[in-house]
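The structure appears below as structure tokens.
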Amino acid sequence: MNGGTGMRVDVKVRNPNCPVRDVASRAGTSTDVVARSTGTSDGTVTEEFRLVAGAPKVGEEHHEVPTEVFAYAEQHVYRFTRRKERRCLCEAIEAFDRPVTGLHANNDHLYASFHALESEDVAAMVRELHDRFEFTLQRIVYADSGDPSDLVLVDRSDLTERQRTAIEAAHELGYFEEPKEANASEIADSLGVARSTFLHHLNRAQSKLLEAILEEADES
């Protein structure tokens, strides 16, 4: 990379098991997490988040009732303590030794960001998160990506499972390197499919990604 190292990864999860998302959904507004503790010896985690002032408060029926601890002009800060559990998106990310650097909730979704150095690390994390949550990889921002206006959002869920498998295998085996480290027949053999089948799924995946890039360019 030129001018910097690493990347920031932005992800979105629908209907996560998350008290912060529950608060946003019930209040009909958005929240921003202010802080999260790393946990205590008794297995609890404390979280604070901001909620737009004037939004309805969460009722006592909620299993994690937040306490108001501070008030700004337009936002209130709430705090709650919960048991540490691996079903939490933040803890799933942190299990890879990647701190969550940004977190906010809006209605049915939870959005999180984290940093990584290697694309292989991100690929492993994405596979696990995709298996555990209704998960969308929203954006990867590289340190040398330049003008933020050039960033493009690509929804990985637009690809079918076979299309993702084809393009991931092509990337991992060096199909896109110059010169190629593997040809289409070799990658097809590794996947146990015909060469024509592999190329069909690869071409469809590339076409969908290109369409997303061109759509973003036209809208900017």
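The values are calculated or read from the model by the stated rules, or taken from the named source; none is laboratory data. As the structure is a prediction and not an experimental result, all values here were calculated from the model. Cβ placement follows ideal geometry from the backbone for every residue including glycine, while neighbour counts extend to all protein chains displayed.
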Practice task
Determine, yes or no, whether residue 98 is in a loop (DSSP other than H, G, I, E, B) and charged (D, E, K, R).
Solution key: yes
Exercise for the section: Could you check residue 154 against (1) under 17 Å from the mean Cα position of the chain (by Cα); (2) modelled with pLDDT of 85 or more and say which number it fails? Expected result: (2)
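Condition check ((1) over 22 Å from residue 124 (Cβ atoms); (2) of a type in the set (A, V, I, L, M); (3) assigned to a loop (DSSP other than H, G, I, E, B); (4) touching a helix residue (DSSP H, G or I) at 6+ places or on another chain (Cβ under 8 Å)) across all residues:
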{"position": "164", "(1), (2), (3), (4)": "no, no, no, yes"}
{"position": "174", "(1), (2), (3), (4)": "no, no, yes, no"}
{"position": "181", "(1), (2), (3), (4)": "no, no, yes, no"}
{"position": "185", "(1), (2), (3), (4)": "yes, no, no, yes"}
{"position": "190", "(1), (2), (3), (4)": "no, no, no, yes"}
{"position": "199", "(1), (2), (3), (4)": "yes, yes, no, yes"}
{"position": "204", "(1), (2), (3), (4)": "yes, no, no, yes"}
{"position": "208", "(1), (2), (3), (4)": "yes, no, no, yes"}
Exercise for the section: May I ask you to verify whether residue 58 is part of a loop (DSSP other than H, G, I, E, B), in contact with a Pro (Cβ under 9 Å, 6 or more places away or on another chain) and at pLDDT below 85? Expected result: yes
